[in-house]
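See below for the structure under consideration.
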Amino acid sequence: SSGINAEYGQIRSIKPVLEAKDLDVLYDQLTADESIGNLYVFFEAVMTWLVMNSGVSISATFLEKIIHVREEYEWSKISSDYLEKFIVDQGVNGLLINEVTLCSDLVDMESTGVRFPVVLLELPCEDFVQEIFRRDNIFKFTLPGVKYSGMEFMLLSSAEKDNEPFTLKWGLYQATNNLISLPRLHFTLRRCAAHDDTWQVIPITWCGAPTCDKTGNLWNWGYVKFHTKKMRDLKGSMMVGKEEVVAWNHYLSVAGRRVQLVCFVED
């Protein structure tokens, strides 16, 4: 069998997270959103809010609430490899990382093959912009483990055009056996760290669609910046998008780095 039979709806607007006045309001919004189907998406919303609201600390009570919602919805635990590599913005979100990492109710401590990310592509920053933001593309991939042997999956990226937004969709490409249900996958970016060869996880769930400046060389994806040229060559560039002017957000840059698009298998 073959063909797209599932749509991965991870690309979300950052606006709801920004508008939450405190963590309790954010928690209520997230638990009321039936489209949030895993702990990664929930966790990344909280992490994103903390980046935008520096100085806010996480209480033990709030951590208990996260444990409660995971158990109530029977979500898979987060991969320890995901947390160990998660980008920390100068300690702003470090406290939550530390608390969650030590919590066996939220993190899968086992180092099994399916708990490590599957790399879909690895490219220099400028090539990543070309392959993901500027054109439609299909990336085929396989998953580790006997459960997924004989199966090939694909991820489709669609560039924004006319009134059609940027999207990521994934599904089964072909299989030699009968697949009862698709695996639950969570996609993130990883960038190669500047000081060594380690890979840092960068969340994209709440980044919305990418926008670019008028030259097409400076891109913004939520709170991630992509430069295809040196910054001194980009001074004065205005960010433009559906709202005509998009201010630079926030704290990450992948200029001059290699970038990976990866997925974590949840079950």
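The values are calculated or read from the model by the stated rules, or taken from the named source; none is laboratory data. The structure presented is a predicted model; accordingly, all values stated were derived computationally and were not measured. Keep in mind that these areas ignore ligands, DNA and RNA; they rest on the heavy atoms of the full protein, side chains included. Shrake-Rupley method; radii C 1.70, N 1.55, O 1.52, S 1.80 Å.
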* Asked: What residues have an amide H closer than 5 Å to that of residue 108, excluding those fewer than 5 places away on the same chain, when H is modeled at 1.01 Å from N in the peptide plane?
  -> 78, 79, 80
* Structure fact -> Once the in-chain neighbours fewer than 8 apart are removed, the lysines whose Cα is under 16 Å from residue 225 read 214, 235
* Asked: Which percent of the accessible heavy-atom area of the stretch 47-90 goes to carbon and sulfur, probe 1.4 angstrom?
  -> 42
